[in-house]
Every structure is written in structure tokens, then in C-alpha cells.
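Everything below concerns the one structure shown next.
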Amino acid sequence: MDNRQLAINTIKVISAEGVQKAKSGHPGLPLGAAPMAFTLWDEVLKHNPKDPNWINRDRFILSAGHGSMLLYSLLHLFGYGLDIEDLQNFRQLDSKTPGHPEFGHTTGVEATTGPLGQGIAMGVGMAMAEEHLAAKYNRDGFNIIDHYTYVLVGDGCLMEGISNEASSFAGTNELSKLIVLYDSNNITIEGGTDLAFKESVIDRYKALGWETFYVEDGRDTQSILQAINEAKKSSKPSLIEVKTKIGADSPREGMAKAHGEPLGDDGVKSLREKLEWSYEEDFYVPHEVKDYISEGNIKREEEHKKWQSLYAEYREKYPELAEELEFSLKRELPQNLFDDNFYTFEKDDASRGYSGIILNRLSEKLPYLFGGSADLAPSNKTEMKNFGYFKPDNRSGSNINYGVREMAMAAMANGISLHGGLLPYVATFLVFSDYFKPSIRLSALMSQQVLYILTHDSIGVGEDGPTHQPIEQLCMLRATPNISTFRPADGKETASAYEYALTNKTGPTVFALTRQKLENLEETGRDAIYGGYVLKDLGERLDIILMASGSEVKLICDAAERLNKLGYGVRVISMPSPDVFMKQPQSYRDKVLPNEIRKRVSVEALSTMGWDRLVGLDGKCIGMESFGASAPAEELFPKFGFTVENIVEESLSLLKNE
């Protein structure tokens, strides 16, 4: 048995042992896909375990994240810092080997995967980022950005609609540095794939504009290697279908039970016997395998050092380009970016309009901005005017035509962010955030700085009606950990939201922006970055607090004036981001919302859910309890109680209820 086969067998055994020790997990994929995965990592993948963040490394994503023991075994063998104890603690509390791979938690994991299809979509984003950066920074003889993205998918990934969205985009944009290995074993949890999945995947991918290859036997590593090398010659993205047997070499080979159940002690014993595994110790890595991979790592280090030398020459010959690339890799911000001009607007506009102005100001100063809309750029105001569109014949274009693909768009943005060197933004209507909820959840889980520009933020959408009027979407986003949301009241608050988003590098930021024009209010300003702040106090004493976000802030300002004329002391609070406000120190929150003032009213033309924690048991929430209606916005706001008169009336009902 040669060392390559011994290494493949090692992966199989320790993967099965890890699942068995945890008494949970998925042994089927590691047993079937070990030959293709090891072949890729050993003979193709450009990587250096001593510098896992090398910008020019090849990326590998295990989209079928349930097979995580495969990835952990590879990371252990190739020296990424996972030791035997980590493998033995698979799926245990605080281990480096959670049930599904988690970016930032385990060195060498390029993306958090588990929700099927997300991995391949993020891979498309990574491939797009590579093409864009290569076009911007490579020069003759200096291909400093020149690498591939490899994704291992299963049948489940290719059933999920997100994979088709992303693959269609990849084919349309001819992302030739993307190669997908398809672990085709015809098995799902419920049984054979033909229960729900009968199309020819290869024919589908041909129709999507991909190069396709077929390997009949997943154990044939030479044919797998040949297919990968041929794929690298193509001008298209490539799908390599590799026919495997789930749970290969175990008693459950080819069975649905191999997918997500431990093999059992007898099953692991039988696997060892089938592989002629003569080592008695559990989680054992033969010294021949260690030596073989160590020799390969020396060559990988040499390749890395050659690139470092090339980059040193590049930096000397093209210092300005190198400086810009390094600036972008760190997502640095120019000094005095957030100056008075950043907060100045010549006229009243919708907050989507203010956002568009800011985005174009930023595009001139931040070379790493890269983004677009789900076919709504004119409505979302998200085109960077002077920077062209990313296309097969214009890789340097900074705008992206995502098409009507919200879920994949957000996942691709995650891939762009994970790749490094670029700051992605995506855009659509707020109501369609429903379509990308799984992807933005992963943005938050992976702590990725992705900007979500979501317009048409309320019943102010108007005539398009309830299907397009968001009600519950913003509170859904606010409820998701590590997502920051802003619904600004005017231009200055929109600018403040961008300042927050650009300085918050540990999670995504959502902008909920209006279709309708908003007046620039005299009292608003930079303090919006705290999520909530006092606009003004009217009267010598404080009787009641009015708070609102977005377009309703002007309403509570006017309502406060009327209440003050009736003799009441009123505090007006703009609350563009309740979630960010709740992250402020208790002392700040108490200063803005004094505990002793229990008469409070919130106003937002969306669901009231979540506002109760700010208004308290004695307060009132004015918001939406239905799905809206189809009519002009100026008719909808009065119909649903978003008027100065109604706010005053509801406030008086609290004030007079002594």
C-alpha cells in the first residue's frame, strides 16, 4: 500500500472514530469522499499551514458541512493546529471541532457551513473576489493574485435552490477559477436521491454555462486528479461529478443509515478490517503518513516563499498599487473620512437617496468597495457611478449585477468578505430580506462586515401593497445576534449609520431606508451612531417620552410641540437602532431613558415587536398589526394611525391616566 492510499485510509478511520466517540455525527461523507479530498489537498491545493491567511492560497470549502470530520482530519494531517485530542473531542463543548465547520473557530476552516448550498454560494463569491482583485492589482509578470476556489458539495447542496442561483451567476460570469467536486452518492437521509431528485446534474450545469467532468469511480484518484487538472484549463467554472459510495468500506456502504449515524463499535472494527488497518491504537496516524505529508509541506512552503519574493519585487516596482492592496486587505479608513462634508446634504431626499450619495462619496476613497443589487440598483440607489460593472470582459468593475437572486447574493457577499481585500455590499427591498435570512444569519455568525442596503422600508412603499410592504422583517433582523440595524430619520442619520457600519468590523450592518422623501431635521446628528439619542426636551419638567425611527421621527417632533403647548414636558428621542442602543453602557441608556419617566410612546410604521422593552409596561407602541394595504403612501399613514393627531391622542391617554 503506497503512502497516498495509507493517508486516505487514515482519514477514513479517524473520521469514523471521531463520530463513534462523540456518539453522533456523519461518517458517510468522509468515508466516500476521502480519496478525492486527499488528492486535492495533497497534489493540487496551493496552501501553507504555517500561514493559513496567505492571500494567494487556494480556498477549499466543505459545502456539505455535515461531513466535518473529513475536514478536521485533513487539517490535522496537514498541520493546521488540530491535535489528536481535538479530534477526540469532536462535537464536545468548547472543542475546536464542532459539529459543522465554523469560520474563526477552527484554523483552516474557510467558511461556516452546514446549511446546505451556502458553501457553494460562498465559493462563487470567493472566486469573484479573486477575479476582481487580480484585475485590479496584477501586472505583467506579477500575478500576485492567482488562485483557485474549490468546493466539495453533496447531493443535498445541489437540491437547495441557493446553489442553482449561485451556479447560474457563476456560469453567466465565467468564473473559471471555481472548481466544484460533487460527491455523487445517490443517498439522502430518507433514502435514495431518486425519491426527490432525478435530473442529470451534469446536463443542468452544462445549461448553466459550466464545464463538466465525470469520474466513474470515486476511489480512482488518478482520474480525479486528471479531471481537476483539465478543469483548471477551462475558461468556465467546472463541476466534477465523482461517483462515490456513502460509508465506503463500512458495513453500511451505500446505505442511507451511513449518512448521519455512528457506525457502532462493530462497524468501526469492520471498517478497520476492510482497510487492513493493523494499528490497535485509536486515532492513530502512521509515521509513514506523517513523513509523506511533511515532505509535501516543505514544497508548499517553498511555493509560498516564491510568492513572497515575487510580491517583494512587485512592491518595489508598483509601490502605490501594493500600498492600496494592503490598505484594502486591512479595510483601513482614510483619516478625516467622517468630516463635516460626509454629514452634509444639499437638499431633502429619501434615505435611499442619501445612501446613494454617501455610497458614491465612499467609492472615491475606499478602493475595496464591491457590491450591487438584486436587480434593483436604480431603486436602491446603489450604483457606484464611475466604477463600471463586473463582467467577463471587465473584471475590474466594482458594481455587480446580481440578478434576482437575493439568497445567493447575500451568500456570495459572505464569500467576498471571507476572501479578503474587499468590503461587499448588497441591496434589495427590505421585505425581500426574507429571501436571504439564512445567508445574513451566517454573516452574523461568521462576524463578517457585510453592508445590507434595504430600501422601501415600510408601508411608505405605497401602491405595491402588502406583498411589498415590510412589517415583521426589521424586527426579525433586530432579533438576530450580531446584526446591527439602522433605520435613519434623515441624511445625517444615514451618514451616521454608514460611519457605524464602516467602523464595525465584527458583523453585518443593515440599513432600512425609505422610498419617500425625508426632511433633514435640525436636531439630528452624529449621536445616531449610539443607536438612540435625545433630539430635544420641551418644557421645564419631563412628563412623557416620545421615541421613533426613520420617517416617523418627524411625526413625533411635531407631536411633541403640540403636547408642549398643552403644558406637558416632552422628550423626543430618535431611535434608529434599538439593538445598537441596547449595547450602550447602562449609564448612557439611563440618561436617555430615565427610569422614573414611565410614560413612553414608540412610533414605527412596522411591527411593534421589540419596542416593549423600551417603552415598558406603562408605555404604548404605535405600529403595524396587519400587512398594510395597496394605496398611495400619503393615504396609508393616516389609515394606520401614523399622524401627529393620533400620536398626541395616544400620549394624552397616558398622561391623563394618573
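The values are calculated or read from the model by the stated rules, or taken from the named source; none is laboratory data. Here the structure is a predicted model, which is why all the values come from computation and not from measurement. Methodologically, a virtual Cβ is constructed for each residue, glycine included, from the backbone with ideal geometry; neighbour enumeration extends over all protein chains shown.
It is to be established whether one or more residues within the range 137-157 are part of a loop (DSSP other than H, G, I, E, B) and touching a Ser or Thr at 6+ places or on another chain (Cβ under 8 Å). Checked against the condition, which is being part of a loop (DSSP other than H, G, I, E, B) and touching a Ser or Thr at 6+ places or on another chain (Cβ under 8 Å), the range 137-157 yields no hits at all.
Residues that are over 26 Å from Arg272 (Cα atoms), out of contact with any helix residue (DSSP H, G or I) (no Cβ under 8 Å at 6 or more places or on another chain) and free of Cβ contacts under 8 Å to residues at least 40 places away in the same chain within the range 205-229 comprise Lys206, Ala207, Gln226, Ala227, listed in sequence order. Scan the range 241-259 and tell me whether some residue there is touching a strand residue (DSSP E or B) at 6+ places or on another chain (Cβ under 8 Å), part of a loop (DSSP other than H, G, I, E, B), hydroxyl-bearing (Ser, Thr, Tyr) and in contact (Cβ under 8 Å) with a residue 12 or more places away in the chain. Scanning the range 241-259, I find at least one residue that is touching a strand residue (DSSP E or B) at 6+ places or on another chain (Cβ under 8 Å), part of a loop (DSSP other than H, G, I, E, B), hydroxyl-bearing (Ser, Thr, Tyr) and in contact (Cβ under 8 Å) with a residue 12 or more places away in the chain, so the answer is yes.
Among the residues of the range 361-377, those identified as part of a loop (DSSP other than H, G, I, E, B) and touching a residue at least 40 places away in the same chain (Cβ under 8 Å) are Leu366, Pro367, Tyr368, Ala374, Leu376.
If I filter the range 579-600 down to residues being in contact with a helix residue (DSSP H, G or I) (Cβ under 6 Å, 6 or more places away or on another chain) and farther than 15 Å from Asp537 by Cα, which single residue comes out as surrounded by the most Cβ atoms within 10 Å (Cβ to Cβ)?
Taking the range 579-600 as the starting set, the residues that turn out to be in contact with a helix residue (DSSP H, G or I) (Cβ under 6 Å, 6 or more places away or on another chain) are 579, 584, 599-600.
From what's left, farther than 15 Å from Asp537 by Cα: 579, 584.
Working: Asp579: 19, Gln584: 16.
So the residue we want is Asp579.
In the range 462-476, the residues that are among the β-branched types (Val, Ile, Thr) never reach a residue that is loosely packed, with under 15 Cβ neighbours inside 10 Å and assigned to a helix (DSSP H, G or I) with C-beta atoms less than 8 angstrom apart, at least six apart or across chains.
Scanning the range 447-505 for residues that are acidic (Asp, Glu) and crowded, with 18+ Cβ neighbours inside 10 Å yields Asp457, Asp490, Glu493, Glu499.
Identify all residues within the range 230-245 that are of a type outside the set (Val, Ile, Thr) and either touching a helix residue (DSSP H, G or I) at 6+ places or on another chain (Cβ under 9 Å) or within 19 Å of Ile187 (Cβ to Cβ) (or both); write none if there are none.
Our first condition is that a residue be of a type outside the set (Val, Ile, Thr); within the range 230-245, this holds for 230-239, 241, 243, 245.
Lys236, Pro237, Ser238, Leu239, Glu241, Lys243, Lys245 - these are the residues of the range 230-245 that are of a type outside the set (Val, Ile, Thr) and either touching a helix residue (DSSP H, G or I) at 6+ places or on another chain (Cβ under 9 Å) or within 19 Å of Ile187 (Cβ to Cβ) (or both).
Applying the criterion of being surrounded by fewer than 21 Cβ atoms within 10 Å (Cβ to Cβ) and basic (Lys, Arg) to the residues of the range 351-377, the residue that is nearest to Asn138 (Cα to Cα) is Lys365.
Residue-wise test of (1) more than 26 Å from the chain's Cα centre (by Cα); (2) more than 21 Å from Ser607 (Cα to Cα).
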{"site": "Ile471", "(1), (2)": "no, no"}
{"site": "Cys475", "(1), (2)": "no, no"}
{"site": "Ile483", "(1), (2)": "no, no"}
{"site": "Tyr500", "(1), (2)": "no, yes"}
{"site": "Thr514", "(1), (2)": "no, no"}
{"site": "Lys517", "(1), (2)": "yes, yes"}
{"site": "Thr524", "(1), (2)": "yes, yes"}
{"site": "Leu535", "(1), (2)": "yes, yes"}
{"site": "Leu555", "(1), (2)": "yes, no"}
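Checking the range 347-356 against the condition returns no match, with no residue being in contact with an Asp or Glu (Cβ under 9 Å, 6 or more places away or on another chain), under 25 Å from Arg57 (Cβ atoms) and part of a helix (DSSP H, G or I). The helices (runs of 4 or more DSSP H) located wholly in the range 482-597 that include 2 or more residues which are among the acidic types (Asp, Glu) and touching a Lys or Arg at 6+ places or on another chain (Cβ under 9 Å) occupy 491-503.
Residues in the range 285-322 that are more than 23 Å from His147 (Cα to Cα) and surrounded by fewer than 16 Cβ atoms within 10 Å (Cβ to Cβ): how many?
Total meeting the criteria: 4.
Yes/no matrix, rows are residues, columns are (1) modelled with pLDDT of 95 or more; (2) in a strand (DSSP E or B); (3) surrounded by 24 or more Cβ atoms within 10 Å (Cβ to Cβ); (4) of a type outside the set (Lys, Arg):
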position	(1), (2), (3), (4)
Ser379	yes, no, no, yes
Thr382	yes, no, yes, yes
Lys385	yes, no, no, no
Val404	yes, no, no, yes
Val426	yes, yes, yes, yes
Ser439	yes, no, yes, yes
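Quick check on the range 204-261: of everything there that is of a type in the set (Phe, Trp, Tyr) and closer than 20 Å to Met159 by Cβ, which residue is surrounded by the fewest Cβ atoms within 10 Å (Cβ to Cβ)? Applying the filter and picking the extreme gives Tyr214. Restricting attention to the range 387-399, the residues being hydroxyl-bearing (Ser, Thr, Tyr), part of a loop (DSSP other than H, G, I, E, B) and surrounded by fewer than 20 Cβ atoms within 10 Å (Cβ to Cβ) number 1. Of all residues in the range 269-283, those being hydroxyl-bearing (Ser, Thr, Tyr), part of a loop (DSSP other than H, G, I, E, B) and surrounded by 11 or more Cβ atoms within 10 Å (Cβ to Cβ) number 1. For the range 181-240, a tally of residues being aliphatic (A, V, I, L, M), part of a helix (DSSP H, G or I) and more than 30 Å from the chain's Cα centre (by Cα) returns 4. Residues that are of a type in the set (D, E, K, R) and in contact (Cβ under 8 Å) with a residue 40 or more places away in the chain within the range 183-203 comprise Asp183, Glu190, listed in sequence order. So is Pro35 surrounded by fewer than 20 Cβ atoms within 10 Å (Cβ to Cβ) and either under 22 Å from Leu178 (Cβ atoms) or modelled with pLDDT under 95 (or both) or not? Against the criterion (surrounded by fewer than 20 Cβ atoms within 10 Å (Cβ to Cβ) and either under 22 Å from Leu178 (Cβ atoms) or modelled with pLDDT under 95 (or both)), Pro35 does not qualify. Thr494 meets each of the listed conditions (1) farther than 19 Å from Glu406 by Cα; (2) among the hydroxyl-bearing types (Ser, Thr, Tyr); (3) touching a strand residue (DSSP E or B) at 6+ places or on another chain (Cβ under 6 Å) apart from (3).
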